[in-house]
Amino acid sequence: MKITRTIIIALLVILVVVVGLLVYYLYVQPTTVKRVLRVGTSPDFPPFEFINETTNEIVGIDIDLVKLVAQKIGYEVEIVPIDFDGLIPALQAGQIDIVASGMTITEDRSKVVDFSIPYWEANQAILIVKGSQFKPRGLEDLNGKVVGVQTGTTAEELVTKYINETSANIQVKSYTSYILATQDLLNGRIDVVIVDEPVARALQRTYNVETSATIETGERYGFAVRKGNTELLSAINKALSEILSSQEWINIISKYTG
Ligand code: GLN
């Protein structure tokens, strides 16, 4: 009799513990644990995203901005490094939730992803080795030359379109990263790099390169989310528009542009 009672009490205790744990994990914990926003970025695009050589961390304007946005909408951030031309496929495959990578809002890209409101304006620049005799003033001066760009960028599109339209004799070399393109420029393997102008300005602070010309393209950067992810996008846009008119935004910019 006594043993049966002990067993029943023990079973009841176990039941209460199990039910308690279930309630905690199903209802209480999800509201206390922050959701994670997986951010895809190609960290070869200073000052927007690059690797801090001393800490080995991915930092930059985009990273600080996306962290601030995430914080405002209740997310923690996980930074996922991906080559630029792999960002949209990764977004579509559900491996990341947002692209923050100095990505220009284009008509073609807007067919496959949704963009946030713009947060930056940029043109393209022609980068040469510092002090080089060859100083192209525009695409028309690149005949017979080898041009480096990053795969999948608007710079690649710009020069390819120019070649198709003018049948200019320009050889295009596409790199997985703008850092590799810049190194090949310094090694003399290519004649110029075409890259977004604010990035050219950052690169010439670290490398022995300079801008010889800019090409007006009037690009605007936006964050990209999966097509139809409207709930996330409107939250992002609301946070972004608040941040873009704040002192915090000015601080982020001066932190990375000096
Ligand atoms: N703004 C350019 C583009 O969207 C380059 C971006 C990059 O290389 N990170 O294609």
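Asp108 passes every criterion in (1) within 16 Å of the ligand (Cβ to nearest atom); (2) touching a strand residue (DSSP E or B) at 6+ places or on another chain (Cβ under 6 Å); (3) among the acidic types (Asp, Glu) apart from (2). Across the range 76-93, the qualifying residues are those that are more than 15 Å from the ligand (Cβ to nearest atom) and hydrophobic (A, V, I, L, M, F, W, C), and the one among them that is farthest from Phe50 (Cα to Cα) is Ala93.
Of the helices (runs of 4 or more DSSP H) lying entirely inside the range 111-206, those containing at least 3 residues that are among the charged types (D, E, K, R) are 154-166, 197-206.
Regarding the range 80-92, can at least one residue be identified that is surrounded by 15 or more Cβ atoms within 10 Å (Cβ to Cβ), in contact with an Asp or Glu (Cβ under 7 Å, 6 or more places away or on another chain) and of a type in the set (A, V, I, L, M)? Looking through the range 80-92, none of the residues is surrounded by 15 or more Cβ atoms within 10 Å (Cβ to Cβ), in contact with an Asp or Glu (Cβ under 7 Å, 6 or more places away or on another chain) and of a type in the set (A, V, I, L, M). Against the test of being over 20 Å from Gly228 (Cβ atoms) and away from the ligand (no atom under 11 Å from the Cβ), the options Ile96, Ile73, Ile126, Ile117 yield a single qualifying residue, Ile126. Flag: Gln124 does not match the condition of being surrounded by fewer than 19 Cβ atoms within 10 Å (Cβ to Cβ) and modelled with pLDDT of 95 or more. The numbered conditions (1) more than 27 Å from the chain's Cα centre (by Cα); (2) in contact (Cβ under 8 Å) with a residue 24 or more places away in the chain are all true for Glu165 except (2). Scanning the range 171-198 for residues that are touching a helix residue (DSSP H, G or I) at 6+ places or on another chain (Cβ under 9 Å), more than 9 Å from the ligand (Cβ to nearest atom) and closer than 17 Å to Ala213 by Cα yields Thr182, Ile190, Asp191, Val192, Val193, Ile194, Pro198. Sub-7 Å Cβ pairs linking a first residue in the range 147-158 that is under 12 Å from Ser42 (Cα atoms) to a second residue that is within 7 Å of the ligand (Cβ to nearest atom), at least 6 apart or interchain, are Gln150/Phe84; Gln150/Tyr178; Thr151/Phe84; Gly152/Phe84; Thr153/Phe84, ordered by first then second residue.
Taking the numbered list (1) under 26 Å from Arg109 (Cα atoms); (2) assigned to a helix (DSSP H, G or I); (3) in contact (Cβ under 8 Å) with a residue 60 or more places away in the chain; (4) within 16 Å of the ligand (Cβ to nearest atom) in turn, Glu219 passes all entries but (2). Scanning the range 49-68 for any residue that is within 16 Å of the ligand (Cβ to nearest atom), under 17 Å from the mean Cα position of the chain (by Cα) and at positive phi turns up at least one such residue.
Of the candidates Asp62, Asp141, the single residue that is touching a Phe, Trp or Tyr at 6+ places or on another chain (Cβ under 6 Å), acidic (Asp, Glu) and surrounded by 13 or more Cβ atoms within 10 Å (Cβ to Cβ) is Asp62. Screening Ala235, Ala239, Ala213 for residues that are among the small types (Gly, Ala, Ser), more than 21 Å from Ile98 (Cα to Cα) and over 17 Å from the mean Cα position of the chain (by Cα) leaves exactly one candidate, Ala213.
Checked against the criterion of being at pLDDT 95 or above, of a type in the set (Ser, Thr, Tyr) and within 15 Å of the ligand (Cβ to nearest atom), the candidates Thr154, Thr166 yield just one match: Thr154.
The values are calculated or read from the model by the stated rules, or taken from the named source; none is laboratory data. Source: prediction; values computed, not measured. Cβ sites come from the backbone with ideal geometry, for glycine too, and all protein chains shown count toward neighbours.
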